[in-house]
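Peer 1: Please find one structure pasted underneath; my questions will follow.
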Amino acid sequence: MRIFYGWWVVLAAFLNLFFTVGIMFYGLPVFYPSLVESLRFTRAQLTTGFLLGFAFVALPVGILAGTLIDRVGAQKVISAGIWLVGLSLVLMGSMTRLWQFYLLCTIAAVGYVLSGPIPNQVLVANWFQMKRGRAMGYAYLGLGLGGAVSPLVIQPLIQAFGWRHALQIAGSTILVVLFPITRWVTKSKPEDLHLFPDGVPATADASISSRPAAPAKNSSLEAIKGILRSRNFWLILAGCTLTIGAIGAVTQHLVLLLRDKGYPLKLASHVFSAMLASSLAGRVIVGHLADRRSKKNVMALFYFLLASSISLLFLSPHPVAMWAFALVFGFALGADYMLIPLLTAECFGLSILGTALSLIISGYSVGQWVAPWVAGRIFDVYHSYDLAWSIMVVAGLLGALISYTIAPVETAPPGVSETVV
């Protein structure tokens with residue numbers, strides 16, 4: 001039997017997330033010690049660039065991207081984002097001033113929005129319905145694997161060629177690998193190849209689709225209004241913003257924390273890599289659980305585990321505690337992004353999924369970079385991360401509690417929940 005083409009699309013999404021998120025988002029913290037030493041950036045300045053980019057540029061672009069995905073398809077949006085991510089990293093290798101770093105971070109943030117989680121989540125959701133959780137889990141292995149590999153690759157590159165050339169190599173690799181795949185492999189919808197989701201022709205089996213399709217006459221503005229009136233939208237946004245903010249603070253400062261505690265850069269990179277490697281198991285297990293259990297309950301459970309494990313950072317001088325943290329936090333990290341599109345699709349349906357995800361992801365992306373900035377600012381003032389970790393534990397626990405209160409309504413019209421605020 002021929003392989004269903006949707007699995008090739010999953011492979012393309014896997015590679016997109018491997019490079020644009022795994023390398024850029026999780027790989028950049030490995031460069032931070034070099035930027036501190038070479039360009040004299042402070043901890044807060046290191047994370048201000050992406051904070052500015054997401055808060056003032058990527059947020060409106062992300063909302064627009066959701067509409068574009070729903071109208072022209074994910075393929076074209078991803079293609080544009082890849083070029084922005086790759087070129088910004090290449091140009092970072094030549095920067096000498098803080099304002100240049102901020103500008104390039106802003107460009108990279110826009111590229112991240114256009115080629116990262118938003119379009120790839122919609123891409124996989126369009127191709128699968130019955131096996132959506134499993135397919136999303138496999139695609140998100142790329143994010144975890146990219147994050148696990150990037151410290152192991154980038155740290156030797158920095159040692160061999162210097163941080164500037166290492167950035168240029170990373171950016172060039174993203175362009176060389178992803179552009180052909182996006183151009184010739186990625187297809188936005190199964191209808192583009194005269195196929196059906198899951199490779200199965202549509203039947204009367206109502207269990208295949210979780211929500212009815214939206215009327216074609218609904219405008220993007222009406223869809224956005226309906227989404228914003230939904231109680232579930234604000235619960236998903238609040239829960240994810242708090243938890244992913246905590247994740248961002250930890251991942252962006254972990255290497256710096258370990259360097260402060262006397263860990264060599266090589267060992268700090270290995271701990272960071274182990275954390276992300278552990279997330280691979282979490283992603284596979286979460287994908288299977290999401291197909292069999294309540295998605296919001298699975299999300300709440302993993303968010304609780306993640307928040308609780310942050311407390312191990314108070315024991316960072318002890319290597320055993322750090323390796324335990326890497327394994328537990330990393331495993332829980334497997335649920336960080338991939339459950340969001342599954343739960344969002346359950347609440348709002350596929351027809352406006354791109355718009356709903358763009359609003360949610362653009363919103364929590366601000367928290368994803370506000371929290372690292374807060375952690376950096378706390379360190380700059382107190383020369384310690386203890387207060388920052390306490391805040392992140394509380395934020396993660398609140399995010400888990402809020403996620404548990406989400407109540408998907410499968411009979412409501414798409415974009416409009418029966419419970420409004």
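The values are calculated or read from the model by the stated rules, or taken from the named source; none is laboratory data. Remember, it's a predicted structure, so these values are computed and weren't measured experimentally. FYI the Cβ positions are ideal-geometry reconstructions off the backbone, even for glycines, and counts take in every protein chain you see. For the accessible areas, the whole protein counts, side chains as well, though only heavy atoms, and no ligand, DNA or RNA atoms are used. Shrake-Rupley method; radii C 1.70, N 1.55, O 1.52, S 1.80 Å.
Peer 1: How big is region 257-412 along each principal axis, measuring the range of its Cα positions in Å and listing the largest first?
Peer 2: Principal-axis extents of region 257-412 (Cα, largest first): 55, 31, 24 Å.
Peer 1: While we're here: Taking 1 over the mean of 1/r across every pair of different Cα atoms in region 38-170, what Kirkwood radius in Å do you get?
Peer 2: About 16.2 Å for region 38-170.
Peer 1: Also, I was wondering about something else. For region 277-353 and region 1-35, what is the centre-to-centre distance using only Cα atoms, to the nearest Å?
Peer 2: 18
Peer 1: If you don't mind, there's one more thing I want to ask. With springs only between Cα atoms under 10 Å apart, run a GNM on the chain and tell me which of THR355, THR344, THR405 wobbles the most.
Peer 2: Maximum among the listed residues: THR405.
Peer 1: Quick one: with all protein chains in place, what share of the accessible area of the chain is carbon or sulfur, to the nearest percent (1.4 Å probe)?
Peer 2: That fraction is 68 percent.
Peer 1: Sticking with this one: Can you flag which of LYS189/LYS225; LYS225/LYS295; LYS131/LYS189; LYS225/LYS296 are past 21 Å Cα-Cα?
Peer 2: LYS189/LYS225; LYS225/LYS295; LYS225/LYS296
Peer 1: Is any residue of region 39-83 close enough, with backbone N under 20 Å, to a label point placed 7 angstrom from the Cα of GLN100 along the Cα-Cβ axis, and if so, which?
Peer 2: 39-43, 45-53
Peer 1: On to the next question. For helix 24-39, what angle does its Cα long axis make with the longest principal axis of the chain, in degrees from 0 to 90 and rounded to 10?
Peer 2: 20
Peer 1: What is the list of residues in region 21-58 whose amide nitrogen lies under 17 Å from a point 7 angstrom out from the Cα of ARG164, following Cα to Cβ?
Peer 2: The answer is 31-32, 34-41, whose backbone nitrogens lie closer than 17 Å to the label point.
Peer 1: While we're looking at this one, here's another question. Using only Cα atoms and rounding to the nearest 10 degrees, what angle (0 to 90) does helix 265-290 make with the longest principal axis of the chain?
Peer 2: Rounded to the nearest ten degrees, it is 20.
Peer 1: What residue among VAL250, THR182, PRO151 has its Cα farthest toward the positive end of the dipole of the chain, where the charges are +1 on Lys, Arg and -1 on Asp, Glu, each on the Cβ?
Peer 2: THR182
Peer 1: Go through region 337-345 residue by residue and turn each phi into a ³J(HN,Hα) via Karplus (6.51, -1.76, 1.60, θ = phi - 60°); whole Hz please, and just put x for glycine and proline.
Peer 2: Each residue of region 337-345 in turn: 9, 6, 6, 4, x, 5, 5, 5, 4 Hz.
Peer 1: Could you tell me the calculated FRET efficiency between SER172 and ARG259, based on Cβ-Cβ distance and R0 = 25 angstrom, to the nearest 0.05?
Peer 2: 0.35
Peer 1: Of ILE224, SER351, THR96, which is farthest on the positive side of the dipole of the chain, counting Cα position, with +1 on Lys and Arg Cβ, -1 on Asp and Glu Cβ, and the Cα centre as origin?
Peer 2: So the residue we want is THR96.
Peer 1: Can you give the accessible area per residue of the chain, in Å², using a 1.4 Å probe?
Peer 2: Roughly 38 Å² per residue, with all protein chains present.
Peer 1: Just going by the charge dipole of the chain, with Lys and Arg at +1 and Asp and Glu at -1 on Cβ, which of ILE69, ALA125, SER172 is farthest out on the positive end?
Peer 2: SER172
Peer 1: Ok, one more. Which part of region 94-135 falls in the paramagnetic zone of LEU193, meaning amide N under 19 Å from the point 7 Å along Cα-to-beta-carbon?
Peer 2: Correct set: 120-135.
Peer 1: Cα convex hull of region 124-202: mean projected area in nm², to one decimal?
Peer 2: With every direction weighted equally, the projected area is 6.2 nm².
Peer 1: Viscosity 1.567 mPa s, temperature 4 °C: what is the translational diffusion coefficient of region 329-390 from Stokes-Einstein with a Kirkwood Rh over Cα pairs, rounded to a whole number of µm²/s?
Peer 2: 94
Peer 1: Return the label of the correct value of Cα extents along the principal axes in Å, as calculated from the structure shown, out of (1) 62, 42, 41; (2) 92, 45, 37; (3) 71, 58, 55.
Peer 2: (1)
Peer 1: Taking only Cα atoms, what is the 0 to 90° angle, nearest 10, from helix 98-115's long axis to the longest principal axis of the chain?
Peer 2: 30
Peer 1: Also: How much of the pair distance distribution for region 258-321 lies past 20 Å, counting alpha-carbon pairs only, in percent?
Peer 2: The calculated P(r) of region 258-321 puts 42 percent of pairs beyond 20 Å.
Peer 1: Over all pairs of distinct alpha carbons, what does the Kirkwood formula give as the hydrodynamic radius of region 48-91, in Å?
Peer 2: 11.4
Peer 1: How large is the charge dipole for the chain, taken about the Cα centre, if only the Cβ atoms of Lys, Arg (+1) and Asp, Glu (-1) carry charge, to the nearest 20 debye?
Peer 2: 280
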